[in-house]
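First the structure, in the form of structure tokens, and then the observations on it.
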Amino acid sequence: MMTMLLAIALLQQPEEKWIVIDGEVTFSDAGLRMVGPAHANLKPLPARPRGVYRLSSRVRQASGSGAYMVALIWRDRTGKVLRVDNDWMGKDRPAKASPHGGRFTAPQGTHDAVVALGVEAKTVCVF
């Protein structure tokens, strides 16, 4: 049985699809800029149980020494978190846009997925 590969590309998601939870988050042609502490979630995207998804992102750390995070949160129909994948606690501080990503299989019972971004205090990143 072949599983369809679906892609979630962060920079292709317009501003209105993001929910800013905390902090200073701005949007431009350069990408989503976060001044930490900050946290933003992409609005839930429909997902299929056992579907294979490719998450791709680029990140550049403009200043600071804190970590950044990119996580893929799998949820059931009620919004309960089933699993969190690829929680990059990036401490590599890339001065140039650095690619991140991978392929992930949604757990059984998945209804949707949320991409979560975060930046620690006194740190500025562009995704």
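The values are calculated or read from the model by the stated rules, or taken from the named source; none is laboratory data. Computed from a predicted model, the values in this text were never measured in an experiment. Heads up, the Cβs are rebuilt from the backbone with ideal geometry, glycines too, and the neighbour counts pull from every protein chain shown. Just so you know, the surface numbers come from the protein's heavy atoms only, side chains and all, with ligands and any DNA or RNA stripped out. Shrake-Rupley method; radii C 1.70, N 1.55, O 1.52, S 1.80 Å.
A few remarks follow.
- Taking the protein heavy atoms of the chain in the context of the full set of protein chains, the accessible area attributed to carbon and sulfur is 53 percent at 1.4 Å.
- Set of segment 33-57 residues, backbone N closer than 13 Å to the point 7 Å along the Cα-Cβ line of Glu24: 33-38
- Between Lys80 and Val52, the modelled label-to-label distance comes to 2.9 nm, taking each label 7 Å out from Cα in the direction of the beta carbon.
- Normalised per residue, the accessible area of the chain is 55 Å², obtained with a 1.4 Å probe and no contribution from ligands, DNA or RNA.
- Placed amide H near Ala47: partners under 5 Å, 5+ positions off or other chain: Asp112, Ala113
- Within a straight-line Cα-Cα reach of under 17 Å, Lys80 can be paired with the following aspartates and glutamates, leaving aside sequence neighbours fewer than 8 residues apart in one chain: Asp112.
- Charge dipole magnitude, Cβ of K and R +1, D and E -1 - the chain, Cα centre, debye nearest 20: 360
- Peptide ranges 46-57, 72-83 listed from the most packed, as the mean C-beta count within 10 angstrom indicates: 46-57, 72-83
- Set of lysines near Lys96 by C-alpha distance (under 25 Å), chain-local residues within fewer than 8 positions excluded: Lys122
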